[in-house]
């Protein structure tokens with residue numbers, strides 16, 4: 001299969017809705033098929049989520065592009081990603097930011113993502129196993145935080161790890177459907193924007209959902 005041609009078609013499709021050229025260029029450089037199990041690799045450049053095992057998914061490319069665009073990355077940022085999953089989103093972030101700290105609660109996924117990211121030559125990504133508190137407190141504050149699982153509310157534990165002026169992008173709602181929020185942290189009152197409906201797996205942990 002010609003993955004490069006399929007990737008180019010996907011980028012052209014995304015460009016009708018995504019305005020940030022740097023996000024589109026980053027996505028054109030990252031081989032999404034490398035983050036998928038062999039059986040779903042032929043579907044790598046469909047604009048849809050795909051299973052990656054352990055009841056987890058790789059997000060729809062449009063949603064990945066939308067969330068990444070909302071972070072407003074310029075290249076100097078330290079980014080926290082909550083929910084490494086396949087590692088694909090971390091790779092996109094690493095193309096656009098100085099440093100990516102990504103945490104994953106499932107050891108098998110963390111190991112697999114690290115292996116793929118290392119094989120692609122990324123040196124500005126740290127993959128960690130999640131701890132009890134959401135995020136990765138020891139390297140806070142972060143310029144931006146992206147959460148790739150749906151939360152019942154905006155977790156206070158993550159907001160305190162965000163620098164003043166920083167952006168948090170997170171799906172918030174029920175276990176089955178959420179709204180995608182962009183929160184810009186301010187000293188007095190945070191700015192909240194709703195970017196539209198979405199559907200993610202549940203964010204598990206303190207200040208989020210309990211494991212079913």
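Read-outs throughout are calculated quantities, based only on the coordinates presented, and are distinct from any laboratory measurement. Predicted model only: the values in this text are computed from it and were never measured. Reconstructed Cβ throughout: ideal geometry from the backbone, glycine too, with neighbour counts over all protein chains shown.
Results, tabulated for the structure shown:
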item	result
0 to 90° range, to nearest 10: angle between helix 3-14 axis and the chain longest Cα axis	50 degrees
Beta bridge orientation in the chain: antiparallel %, DSSP, nearest 5	45 percent
C-alpha center-to-center spacing [the stretch 33-49, the stretch 90-169] in angstrom	22 Å
Sorted peptide list for 55-67, 22-34, criterion being average Cβ within 10 angstrom, highest first	55-67, 22-34
Cβ-based exposure ranking for 192, 82, in which fewest neighbours within 10 Å come first	192, 82
Translational diffusion coefficient (Stokes-Einstein; Kirkwood radius from C-alpha pairs) of the stretch 95-212 at 20 °C, 1.002 mPa s, in µm²/s	142 µm²/s
Extent along principal axes [Cα atoms of the chain; Å; largest to smallest]	51, 36, 34
